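Working notes, beginning with the structure itself.
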Amino acid sequence: MSLVRKLAFRNLFHDRLRLVATVIGIVFSIVLVTVQMGLYLGFGHMVATMIDNADADLWIMPKGTKCFEDPSLLDERKRFRAKSIDGVADATPIVIGFADWRTPSGTSTPVFVVGSNLKTGLRPWNLVEGQIAALSIPSAVAVDQSYFDRLGVKGIGSTAEIRQQKVRIAAVTSGIRSFTTTPYVFTTTERARQYAGIPEGKATYFLVHLSKGADANATRQRLLANLDDIEVLTPTEFRNRSQSFWLFDTGAGMALFAGAVLGIIVGTVIVAQTLYSSTKDHLEEFATLRAIGSSAKYIYEVIIWQALISAVIGFCLAALIGGMIVKLTEGGALPIMMTPLLTLGLFVLTVTMCVASAIAAIVKVMRVDPAIVFSR
């Protein structure tokens, strides 16, 4: 260990209570930012979960559609016109809508019905019981096991009612949760129309599959030229639009960012104050270094190394706590997500915060008069 790092290490660990206060400030700040940004990622993922799992090259939707849950409708005649356009291999109708689910005990709860072709389109995934083909049986639906208690069911074979029509659980999924907390119910297109009260010949979206070798942008332009009052988006574009609407237009994203910024401010203030106090208590030592000819660069390095050591210790503890929080929430209504990029960003943030906090200490040290060493 070099003399610079050794001096920085001893300065930090000389007063362990102050070191603990510094680390707690870092941990508090980074854990708060981790939770806020993890919620942001988790929320963004849940908002787009249906779009991400749909089998489509292009989405045809009513003009002005803001997000996947928008209940606007298309006339199915446009689907047949779309299928006749060069570059389109197929256009699968998707029907979505809210409905009232009545349990065997007589209680009711809102559900979000998703109807699609059983061979392509938007079918349930992550099946843990049953098969997709079982949804072709009359009254068959698929639900997620995390909503069993809310729906009053126990698994395959359980029954309930939607719009006074009997439904039977034929397939069970795991991990398909709605950010609105309204359970998803998967079924066929025709049955979804009945459950959601949507007229015959209407659909919410058409999922376009391109012909082999067809150009997506050229096909989109042909669709827009031949169909009126529609928009045609790629899955990525529709994903971004849905996330933008829920995260920013509704203000949810700004609330999460505000919490993250608050964590950074609080942590930086605590760390800066602690590092400043620690440096102030060792002014005589730094004055001695200056008196014997140590360069400003050398003193800078000592203080910066103090900040870096604090950052590494604080980040490791914060990462451990953050990992536990991610594990505890992964099955919750709004899971906190952690990605390698976010982890790297949090480490850079920790180091930046600590180094920035050390600047005040550096300014104080460089103003000290080396003569104070000889006046005592």
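Please treat every number below as a calculation from the coordinates, not as lab data. Nothing here was measured: the structure is a model prediction, and the numbers come from that model. Here the Cβ is made from the backbone with ideal geometry for all residues, glycine too, and neighbour counts use every protein chain on show.
Summary of computed values
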quantity	calculated
Förster radius 22 Å - calculated FRET efficiency between Ile24 and Thr352 (Cβ-Cβ, nearest 0.05)	0.70
Within a Gaussian network of the chain (alpha carbon springs, distance under 10 Å), most fluctuating of His45, His14, His209	His14
Spin-label model distance (nm) - Leu262 vs Ser72, 7 Å beyond Cα toward Cβ	3.6
Computed FRET value (nearest 0.05) for Arg150 with Thr250, which takes r as the C-beta separation and R₀ as 25 Å	0.60
Label-to-label distance, nm, for residues given as Lys327 and Thr343 (7 Å Cα→Cβ offset)	1.4
Global form of the range 71-135, assessed from the alpha-carbon gyration tensor, a/c cut-off 1.5	oblate
Kyte-Doolittle at least 0.0, axis length at least 18 Å by Cα - qualifying DSSP helices, the chain	16-47, 252-281, 296-329, 340-367
Mean ellipticity per residue at 222 nm, deg cm²/dmol - from DSSP H runs of n ≥ 4 across the chain, formula -39500 (n - 2.57)	-16500 deg cm²/dmol
Dimensionless Rg ratio for the chain, taking C-alpha atoms and the 2.2 N^0.38 Å reference	1.41
Leu233, Leu224 arranged by Cβ crowding within 10 Å, fewest neighbours leading	Leu224, Leu233
The range 58-233, relative contact order [Cα under 8 Å, separation at least 6], %	37
For peptides 55-63, 215-223, sequence by mean Cβ density within 10 Å, most packed first	55-63, 215-223
